[in-house]
Structure formats: structure tokens, C-alpha cells
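Novice: Got a structure for you, written out below as C-alpha cells; questions coming shortly.
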Amino acid sequence: MPINPGADIEVLTLDRVPPMAQGYVKDLRVRWALEEAGLSYRESFLPGVIGGDKGSAHLESQPFGQVPIYREAGLSLFESGAILLHVGSKDERLLPSDELQRARTTAWMFAALNSVEPFAQSLFLVGHVSENKSWHDDARDAVRPFLQTRLKQLSAALGDREWLEGNFTVGDLLMVDVLRSIAEEALISAHPNLTAYVERGTARPAFRLALAAQLDAFERNERETA
Ligand SMILES: N[C@@H](CCC(=O)N[C@@H](CS)C(=O)NCC(=O)O)C(=O)O
């Protein structure tokens with residue numbers, strides 16, 4: 001339901017990415033939150049490759065030349081965390097209106113973005129840039145323990161709860177999206193409660209719709225420019 005070319009909310013993403021990144025571009029988080037909230041949005045696509053130079057219009061909206069970008073009635077936002085705080089503020093199921101619960105939810109958002117994602121991305125980046133180098137395995141071996149420690153700590157913090165704080169919130173949405181992007185499956189499967197947590201998150205209808213929308217868009221863009 002939420003994709004609607006006439007919607008006020010606009011989500012901008014790259015028009016194409018390599019196959020291995022499809023399904024993992026961070027506009028997915030925004031699409032997922034909008035689906036959870038039942039808010040309609042339209043999609044727009046920016047030219048450019050990951051890591052490549054971006055045009056000045058793109059840099060004006062996102063100083064680092066990245067996506068997602070979110071627009072709505074005079075507001076232009078970058079950084080997926082900031083966008084999810086904004087979308088969450090429209091639906092108290094995603095970001096509780098109770099002050100204390102909202103503060104705890106926000107802490108988990110920062111935890112996902114600041115305490116877990118940097119290690120997940122380092123492992124990916126190191127693996128990627130060292131792909132054809134003799135030090136590939138050594139580089140990954142050096143980074144992996146940091147992520148393993150974080151996952152062990154997260155697993156202990158989650159325990160046998162369904163979600164991080166009572167009900168599903170944008171804190172869970174971000175954490176699940178970070179965890180599902182970890183390239184080495186074994187790191188997650190070492191913790192059955194994290195495996196189950198990611199499965200619960202990605203089984204949500206809103207996640208399924210968001211993923212399908214992102215994959216459809218890349219397929220459509222490729223077909224149109226073929
Ligand atoms: N901290 C940013 C990271 C966004 C990000 O990593 N975007 C990637 C796609 S998933 C991107 O746009 N890469 C293009 C580039 O860096 O050139 C956020 O959470 O919004």
C-alpha cells in the first residue's frame with residue numbers, strides 16, 4: 001500500500017547498485033518504517049555508483065553523497081537514524097510517546113548504529129577492499145573479534161525477550177537491519193536468540209514489503225536502461 005507516486009513523503013535512493021548490495025541499501029530501513037506506520041511514500045532515484053563522485057544536487061541533500069534521503073513538506077533529511085527518529089515520531093508504536101520508553105528506544109537506535117554497525121561494516125569493508133590481496137584473511141581475522149564481542153554482548157542483553165524493549169520499535173527495526181547485513185552468517189548463528197530475533201524481524205509483513213519494493217525498483221531501473 002505505501003508506495004504512491006502522489007505521496008507527500010519522498011524516499012530517494014541510488015538508481016543502481018551491484019547485485020550483492022541489492023536488498024541491503026539503507027533506504028530499506030526507511031521503507032520498512034514507513035510500511036510499519038502505514039505511511040505512503042514515493043520513490044526517486046539518484047544516479048551514481050557506490051563510492052563514486054556524486055552531483056552537487058545530491059551533495060546538497062546528503063553531504064556524504066549517500067542514500068537514503070527523505071523529503072517531506074519543506075524538510076530534507078539524511079542519515080537513516082535521523083530519518084527513523086522522524087518517521088517514528090509519527091507513530092508511537094515505533095517510537096513510544098512515553099518519555100522514558102522513548103529514551104530507551106532511542107538508546108537502542110544509537111546502539112545499533114554506533115555500537116554494532118561500525119564493526120559489521122568494518123568486517124565487510126576490510127573483506128571487500130582486500131578481496132584480491134594476500135592479507136585478505138588476516139585483515140578479516142583482525143576485525144572479526146570486535147564484532148564477535150559486540151554480538152555476544154547483544155545476545156546477553158536480549159536474553160529470551162522477543163524485542164529489545166517490550167514491543168517492536170524502531171530500535172528493533174535498526175538492530176535487525178544491521179544484524180541481517182552481517183556478511184558472515186556464522187557470527188549470528190553462534191547466538192540462537194539473535195538468529196531467532198532476526199527471523200522474527202524479517203518475518204514482519206512490513207519488512208517483506210520494504211524488501212520487495214527495493215528489489216523491484218532495482219530490477220525496474222535495470223530493465224529500463226538496458
Ligand atoms: N550513515 C548513513 C550511511 C548510508 C550509507 O551507507 N549509504 C550507502 C548505501 S547503503 C551509500 O549511499 N553509499 C554510496 C556511497 O557511499 O557512495 C545512513 O545511515 O544513512
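Values quoted throughout were computed directly from the atomic coordinates according to the rules given, and no laboratory measurement underlies them. The structure displayed is predicted, hence computed values, not measured ones. Reconstructed Cβ throughout: ideal geometry from the backbone, glycine too, with neighbour counts over all protein chains shown.
Novice: Return the residues of segment 9-46 that are in a helix (DSSP H, G or I), in contact with a Ser or Thr (Cβ under 7 Å, 6 or more places away or on another chain) and without any contact (Cβ under 8 Å) to a residue 60 or more places away in the chain; say none if nothing qualifies.
Specialist: Filtering segment 9-46 down to residues in a helix (DSSP H, G or I) leaves 19-21, 27-37.
This time we only want the ones that are in contact with a Ser or Thr (Cβ under 7 Å, 6 or more places away or on another chain), so: 27, 29-30.
VAL30 - this is the single residue of segment 9-46 that is in a helix (DSSP H, G or I), in contact with a Ser or Thr (Cβ under 7 Å, 6 or more places away or on another chain) and without any contact (Cβ under 8 Å) to a residue 60 or more places away in the chain.
Novice: On the given criteria, is ASN114 of a type in the set (S, T, N, Q), surrounded by fewer than 13 Cβ atoms within 10 Å (Cβ to Cβ) and within 16 Å of the ligand (Cβ to nearest atom)? Working first, answer last.
Specialist: Working: of a type in the set (S, T, N, Q): yes; surrounded by fewer than 13 Cβ atoms within 10 Å (Cβ to Cβ): yes; within 16 Å of the ligand (Cβ to nearest atom): yes.
Here the answer is yes, as ASN114 does meet what is asked.
Novice: Do we have any residue at all in segment 173-186 that's touching a residue at least 12 places away in the same chain (Cβ under 8 Å), more than 16 Å from the ligand (Cβ to nearest atom) and assigned to a helix (DSSP H, G or I)? So that I can check it myself, show each step before the final result.
Specialist: We begin by selecting, within segment 173-186, every residue touching a residue at least 12 places away in the same chain (Cβ under 8 Å); these are 173-184.
If we keep only those that are more than 16 Å from the ligand (Cβ to nearest atom) too, we end up with 184.
Subset that is assigned to a helix (DSSP H, G or I): none.
Among the residues of segment 173-186, not one is touching a residue at least 12 places away in the same chain (Cβ under 8 Å), more than 16 Å from the ligand (Cβ to nearest atom) and assigned to a helix (DSSP H, G or I), which makes the answer no.
Novice: Continuing with this model, one more query. Quickly run through segment 48-69 and pick out the residues that are in contact (Cβ under 8 Å) with a residue 12 or more places away in the chain and part of a helix (DSSP H, G or I).
Specialist: Listed by number, the residues that qualify are HIS58, SER61.
Novice: Ok, one more. Considering only residues of segment 71-85 that are surrounded by fewer than 18 Cβ atoms within 10 Å (Cβ to Cβ) and not in a strand (DSSP E or B), which is nearest to the ligand (Cβ to nearest atom)?
Specialist: Looking at the filtered set, the residue picked out is GLU79.
Novice: Can you name the number of the only condition in (1) more than 9 Å from the ligand (Cβ to nearest atom); (2) within 28 Å of GLY88 (Cα to Cα); (3) surrounded by fewer than 20 Cβ atoms within 10 Å (Cβ to Cβ) that GLY55 fails?
Specialist: Of the numbered conditions (1) more than 9 Å from the ligand (Cβ to nearest atom); (2) within 28 Å of GLY88 (Cα to Cα); (3) surrounded by fewer than 20 Cβ atoms within 10 Å (Cβ to Cβ), the odd one out for GLY55 is (2).
Novice: Now for a separate question. Please find, among VAL129, VAL49, the residue that is loosely packed, with under 12 Cβ neighbours inside 10 Å, within 25 Å of LEU14 (Cα to Cα) and within 16 Å of the ligand (Cβ to nearest atom). I'd like the intermediate steps shown before the answer.
Specialist: Values: VAL49 fails: loosely packed, with under 12 Cβ neighbours inside 10 Å.
Going through VAL129, VAL49 in turn, just one is loosely packed, with under 12 Cβ neighbours inside 10 Å, within 25 Å of LEU14 (Cα to Cα) and within 16 Å of the ligand (Cβ to nearest atom): VAL129.
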